[in-house]
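Presented below is the structure to which this report refers.
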Amino acid sequence: MNSLRLSLPRMLVAFHDIAMVAATWLLLRWLAGLAGAPPAAALQQELLLACLVQAAVFWRVGLYRGLWRFASMPDLMNIASAALIGLLLIIPGLLLFGLLPDVPRRVLAPYPFLLILLLGSPRLLYRFGKDYSLSARHAQDAPRILVLGAGQAGELLLRHLRSHGAYQAVGLLDDRPGLKGAEVQGVPVLGSMDDLATVAKATAPNLLVIAMPSADAAQMQRVVSLCEDTGLPFRTVSRLADAIDWQADEIELREVAIEQLLGREPVKFDWELLRDNIGGRSVLITGAGGSIGSELARQCARAGVARLLLLERAELSLDLIASEIGRRFPELELQPILADCADTMAYREALASIDFVFHAAACKQVPMLEGQPREALRNNVLASAAVAAACREAGTADFVLISTDKAIEPVSVLGASKRWAEIVCQAVLAGSRTRLAIVRFGNVLDSAGSVVPLFRQQIAAGGPVTVTHPDVSRYFMTIPEACQLILQSATIASQPASVLALDMGRPVAIRELAEQMIRLAGKQPGRDVRIDYIGLRPGEKLHEVVFHPDERYQRTANPRVLRAEPRPVDAPAALRGLQRLRELLAAPQPDTECLAILSETVRDYRTSADKIVSLSARRKNRQQI
């Protein structure tokens, strides 16, 4: 009984459509019959043939998968296709049964057009009636919104609003000349973006919605600034795909993401090249449960790898990412490995069939590692060397070491330990068939330990937002950009060893980042949320670079990806230093011993505060020159 109740609406729609086929044929036959009516038997045969053929075509093109409530252009295209295909099949049928000579061309020629009209009109009228009824019912209670952007995303947004009645659009703004006074989905374009303050006062919206998914960072900064000046809350449709893919009954508008205001365009990578290079291959990711490792796993699965090994020592993190990948990519051969990457016996056998190893496991928290040099050396240096040695022994084609811009002229334990990891990986893999790619990052937005989640938390608590120094700056990249760089590095690195980094534009002042995030939260810096300067923490610099002065970089086929040859290393000396480190960490040692061997091995490691200031001043002078 329940199945009958569910299928009844579609049965009624099918009956309606067949009735419209019959009505179309009879009407055209009647008009043509003014010059002489056909015999009743022939007309019945024609009508039966047309209805049977069209019914089969309607079912085949999927005409009954859609709902009249949401009838749109794709549904009209389906109707048009069904009418034309039906005519092309009816003509041979008439010929087969000897009926074609008696059917005038003035019946066949207009047949598909009249059928489209009779099938499409009821659907559209039904939808418009439902939309009007719903919008009238909700218009008084729905929040009023002013839409910024009258392009495709704005039109899709308005269409969705009209269907769901969650908001009432009072107008649009767009900078394109000549649009003022036009209407989009019945909503008027009231002016340009510069008119926002005036229009907002006149229309009294409750919310501003930015529908400009293709806007660059400069355009977004301008629009966000105009929105902030009104004092009204604002949201955005971040991508056109989001505008198309609304599933819920209530529309979900997002806050403007801080990465949309970084002052540079997102770096675009060649996905086809990536699929060609790693699609169908086997990949091992260490640190797979972290923010970088987990996104790397998602992108590898999306790129079509045949086999994916996830190595992680945190049980819950490994379970979460393995479950997600298994659910989203059930056809992928997935193997989670719960182990420390220094324990090579846990994955040595699996390495024999691995093509790419992405080593993302590391300790990364600068202030924490200043007081934990032993763990920094064990995890960042010894573990990296162990993975590299296992890759050499297994004959792995490509080993990608994820490093940091803090490894250049390091002043922190993190930076120095990552620089030592670069050195030992070069030494371990020297002369082997395994290619080494060292990928250096700037700060990764929203990764574990990034300032962005910290600032967001502090703003939500009402402040203060803590910034280390008024002049401190950092390069920023998004997590997807970071992972794409890692994956592309394996395809770009054609030499035995390469250093790769992203052209991240200009460094971002952390003070400006904090101020922008406060404004995005609908508050004013200084007035609603205070910013406190707490001084540089141990191991921090004012500014970072991604290449050492001795590393001469050049642009690759992707002009936003930079590549350099790593600085030469004394491999025997590096391996002897690695053995000394093993012996040192094999027994309890004071932190001073760990720092001493770190300073001795990484010659440009500098720790004192006065040297940090000196380094920053020297770099500023270098930039000015």
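The values are calculated or read from the model by the stated rules, or taken from the named source; none is laboratory data. Bear in mind that the values here come from a model prediction, so they are computed numbers and not experimental data. Note: ideal-geometry Cβ built from the backbone for every residue, glycine included; neighbour counts use all protein chains shown. With ligands, DNA and RNA removed, areas are computed over all heavy atoms of the protein, side chains included. Shrake-Rupley method; radii C 1.70, N 1.55, O 1.52, S 1.80 Å.
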Whole-Hz Karplus couplings 3J(HN,Hα) for the stretch 476-483, θ = phi - 60° and coefficients 6.51, -1.76, 1.60, Gly and Pro as x, run 10, 9, 7, 4, x, 4, 4, 6
Treating only Lys and Arg (+1) and Asp and Glu (-1) as charged, each at its beta carbon, one finds that the stretch 425-537 has a dipole about its Cα centre, in Debye to the nearest 20, of 120 debye
Sorted by chain and number, the residues with a modelled amide H under 5 Å from that of D528, at a separation of 5 or more or across chains, are none
A 1.4 Å probe over the protein heavy atoms gives the stretch 274-327 a carbon and sulfur accessible-area percentage of 44 percent
For K523, counting only aspartates and glutamates whose alpha-carbon sits under 13 Å away and dropping same-chain residues fewer than eight positions off, the answer is E228, D229, E515
In order over the stretch 539-556: 3J(HN,Hα) from phi, Karplus 6.51/-1.76/1.60, θ = phi - 60°, whole Hz, x for each Gly or Pro, gives x, 9, 10, 6, 9, 10, 10, 10, 10, 6, x, 7, 9, 7, 9, 9, 7, 9
In order over the stretch 285-292: 3J(HN,Hα) from phi, Karplus 6.51/-1.76/1.60, θ = phi - 60°, whole Hz, x for each Gly or Pro, gives 10, 8, x, 5, x, x, 5, 6
Note on the stretch 478-608: contact order normalised by length, alpha-carbon pairs under 8 Å, 6 or more apart, percent, works out to 25 percent
Under 5 Å from the placed amide H of A169, counting only residues 5+ away or on other chains, we find I145
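Across every pair of different alpha-carbon atoms, what Kirkwood hydrodynamic radius in Å does the stretch 360-461 reach?
Details: mean 1/r = 0.0689 Å⁻¹.
This gives a value of 14.5 Å.
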